[in-house]
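A quick write-up on the structure given underneath.
The values are calculated or read from the model by the stated rules, or taken from the named source; none is laboratory data. Values in this document were obtained by computation on a predicted structure and should not be read as measured data. As a convention, Cβ positions derive from the backbone with ideal geometry for all residues, glycine included, and neighbour counts pool all protein chains shown.
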Amino acid sequence: MKNITNKPLTPAVLHILLALSTEERHGYGIMKQVESDSQGKVKMGPGTLYGSLSRMMEAGLIRESEKKIDPKMDDERRIYYSITGFGQKTLASELERYREVVGIAKEKRLLPNTFAYDK
């Protein structure tokens, strides 16, 4: 298992981890959750999604889920994914990294509502 907690995550990996942080989802569900979470700003295509999912499984960030949400209401061919403990730690580490960056931006008064020319 690769340890990637010291490296920044790609935007795709970050969004996928966020989408899986609350519940297991299948590929299409992940794409829709990413789009919803980003208010339509991030639209992930199948190539990006499934390539990222494969690399994330190899890295131990996510796993295929053994259960199906409801086979009667869902296509049994769908594979569901869930975040692992390592994935949760990696997500927490990345969110902390972002918090630190936002803190620096605040100190430098670089946030949109703090630009000197906005006064």
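Laid out as a table, the results:
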{"quantity": "Odd one out for Ser65 among (1) among the hydroxyl-bearing types (Ser, Thr, Tyr); (2) over 17 Å from Ala12 (Cβ atoms); (3) modelled with pLDDT of 95 or more", "calculated": "(3)"}
{"quantity": "Condition check for Ile79: modelled with pLDDT under 95, of a type in the set (A, V, I, L, M, F, W, C) and touching a strand residue (DSSP E or B) at 6+ places or on another chain (Cβ under 7 Å)", "calculated": "yes"}
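Table: residues versus (1) at pLDDT below 95; (2) outside any strand (DSSP E or B); (3) under 24 Å from Glu96 (Cβ atoms).
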position	(1), (2), (3)
Asn3	yes, yes, yes
Gly29	yes, yes, no
Val34	no, yes, yes
Met56	no, yes, yes
Lys72	yes, yes, no
